[in-house]
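Heads up, the thing below is written out as C-alpha cells.
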Amino acid sequence: MSNFSDIYTEYCQTHGTPERIEIMLCDMNAVLRGKWLPSSEIDKLGKGSVRLPMSTYCPNILGNDVDETGLGIVAGDPDADLVPVVETLCNVPWADGDVAQILVEMTDDNGEISTLSSRQILANIWDRFKAQGLHPVIACELEFYVFHPRDDPDQSPTPPDWSPDAQNYDLDVLSRSEDLLRDIQAAALAMDMPIDTLIAEFGPGQFEINFQHTDNVLYAADTALMFRRLVRGVVQNHGMEATFMAKPYAEHPGNGMHLHASVLDDDGNNIFASDDGVGERLFHAVGGVLETMPELQAIFAPHLNSYRRFQANSFAPTHPNWGLDHRGAAIRLPDTDNNDARLEHRISGADVNPYLAFAAILGGMLHGLDNKLPVPPAIDADDAVIPEKLTHDWSTAVEKFATSDIAAQIFGAEYRDIYATVRRDEIAQLTTEIAPIEYRTYLNRL
C-alpha cells in the first residue's frame, strides 16, 4: 500500500503526526464502526493487518448481529482484512488534540472489496455508467436538526431557544446561530468538503447544507456520510445535539436528503439538455426512477421513523410522480434546456445510507435509459393521472424490496436478501414494543 504511505506522509507534513487515526467502516445503516489506531501502528493499516469481523458490515440498527443473515457468531464471526480508502484521510477539526480519520473497507478471500460493502455497490453502478461512456454528475442536499442536550435517550428533543416554529430562510436565525454554523462550515472546509449554500430550513433548529456538483459519485457519498459525523461532533462541542433522523418532531417537517443528478457523455455534453422542453433521455431517466421507486422505497426510507415523513401536503412526496420545478413531486426537474438540465430525487430521508441511496437512484436512472422507459403526465398536467401511493407501511416496503428483480440487479441478490433480513429483524424488535401513547390512551379507558 505504498500509495497510502505516500498520502499519510503528506498528511503528517501538513498537519503533524496525529495522536491517533480513527478507522471508520460504514455499515448497512450508515453507522460508522471501527477502531482507534495509534499513529505508531499506522504501518499495520497500510499492510492490511488491521482486521474486523466481516459481520461489521451488516448489523441491525442496535448494533447486533442478525443470525438469519448467516453472518456473525452462527458462522464463527470470522475476521477480514481492512484496506484504507486513501483519498478519505483527513484531519478531525472538532476533536481534542491532533486526530486523523479514514474510511476503510474489508476484503474477501480473493483480496477484493467485499460484496457486503455499500460503498462498493455504488462503485459498481458507477462502473456500469462508465462502460456505456456515461458519467453521472450529482449533488446532494442534507437537512438536520439542532436541539438541546437530553438527560435521557427516551426524551424527545427540544428546539434551541432562538428558533421560531417556522424559520424557513430566516436570516436572523442564521445570525443567532452564527458561531455554531461557522464552525460547521470551517470544519467542512478543513476537510475539503465541497459545501455550497447553508440555509435555515422550515422546522425550529433545522438547517440544510447543499454540496457542489461533482462527477465523482463515491466522493459525493463519502462527503454526505462524513458530514453527518462532522455536524454531530461540532454541535456537541457547542453543548447541543444534532440529528439526521427522518422525523424527530411529529408537528414539524422531517429531514430529507435530495439528490440532483445529470449525466454527461465522453465529450462532456449533458445528455439531458434539450433546446425544446424536456429531452428524451431525461424523460427516460425519470421513467426509470419512477418505475423503480416503490420497489426501492426500503432504501430511501430504511427505518421505522422514516415512514413518518410521508404525509399529505408536506415537502416529503407521497406518490411516484414528477413535475417541472414542482416541490410537491417526487422527481422535480429544476432545469431542462441547458447544461444544468437535471432531475432532483426528493424521496429519501436524511437517515439513509448515502451509498445505497445514490446507487438506487443512479440504478433507476440507468434502468430507464437502457430500456427507454416512458413517463406519465406531469403532476400538474391537465391529463395527470394520480399514481398509486408510496407505502406508509415499513414492512410492506421491505417485502417489496425483498422480491424485487431491480433491487437484485442494483445491489446483487445476496445483498438484497441480507438487507431485507436485517430490516425484518429491526421491524420485529421495534414494532412489538408497546408505545407510551397506547397506555395513556387505552389502559384506563378500556
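The values are calculated or read from the model by the stated rules, or taken from the named source; none is laboratory data. Just so you know, these numbers come straight off a predicted model, no measurement behind them. A quick note on method: Cβ atoms are made from the backbone with ideal geometry, for glycine too, and the neighbour counts reach across all protein chains shown. Please note that ligands, DNA and RNA were not included when accessible areas were found on the heavy atoms of the full protein model with its side chains. Shrake-Rupley method; radii C 1.70, N 1.55, O 1.52, S 1.80 Å.
Solvent exposure of the stretch 1-153, expressed per residue, is 45 Å² of accessible area, with all protein chains present and a 1.4 angstrom probe. Name the lysines eligible as straight-distance cross-link partners of residue 47: C-alpha to C-alpha under 19 Å, and not fewer than 8 places from it in the same chain. Within reach: 35. This model, with +1 at the C-beta of Lys and Arg and -1 at the C-beta of Asp and Glu, gives the chain a dipole about its Cα centre of some 740 debye.
Here the relative contact order of the chain, from alpha carbon pairs under 8 Å that lie six or more residues apart, stands at 15 percent. The equivalent ellipsoid that matches the C-alpha gyration tensor of the chain spans semi-axes of 32, 28, 25 angstrom, in descending order. Structural size metrics of the stretch 368-417, computed from C-alpha coordinates, are Rg and Dmax of 14.7, 44 Å.
The residues of the stretch 312-362 expose, per residue, 30 Å² of accessible area to a 1.4 Å probe. Scanning residues 5 or more positions from residue 335 or on other chains, those with amide H under 5 Å from its amide H are 342, with H placed 1.01 Å from N in the peptide plane. Reducing the stretch 72-87 and the stretch 264-292 to their Cα centroids gives an inter-centroid distance of 39 Å. Computed over protein heavy atoms with a 1.4 Å probe, the carbon and sulfur contribution to the accessible area of the chain reaches 47%. Within the shell of other residues whose beta carbon sits under 13 angstrom from the beta carbon of residue 164, the net charge comes to -4, with Lys and Arg scored +1 and Asp and Glu -1. For residue 247, neighbours were defined as the other residues whose beta-carbon sits under 12 Å from its Cβ, and their charges (Lys and Arg +1, Asp and Glu -1) total -1.
In the context of the full set of protein chains, the stretch 162-278 has a per residue accessible area of 42 Å² (1.4 Å probe).
Computed over the stretch 329-446, relative contact order equals 13 percent, with contacts defined as Cα pairs under 8 Å that lie 6+ residues apart. In whole Å, how far is the Cα centre of the stretch 10-35 from that of the stretch 379-428? Cα centroid of the stretch 10-35 versus Cα centroid of the stretch 379-428: 33 Å apart. The trypsin sites (Lys or Arg not before Pro) of the stretch 257-333 that meet both conditions, a loop assignment by DSSP and at most 15 other Cβ atoms within 10 Å of the site Cβ, are 327. Computed from phi, the 3J(HN,Hα) profile of the stretch 134-143 under the Karplus parametrisation 6.51, -1.76, 1.60 (θ = phi - 60°) reads 10, 9, x, 10, 9, 8, 10, 10, 10, 10 Hz, with x in place of Gly and Pro. Seen from residue 191, the other residues with C-beta closer than 11 Å to its C-beta sum to a net charge of -1, counting Lys and Arg as +1 and Asp and Glu as -1. In summary, the convex hull built on the alpha carbon positions of the stretch 267-420 has an orientation-averaged projected area of 9.3 nm². Considering only 224, 234, 197, the residue lying farthest towards the positive end of the dipole of the stretch 174-238 is 234, judged by Cα position with unit charges set on Cβ. For the stretch 48-159, a simple Cβ point-charge model (Lys and Arg +1, Asp and Glu -1, everything else neutral) yields a dipole of about 480 debye relative to the Cα centre. Along the charge dipole of the stretch 69-158, pointing to its positive end and built from +1/-1 on Cβ of Lys, Arg, Asp and Glu, which listed residue (74, 122, 102) has its Cα farthest out? Farthest towards the positive end: 122.
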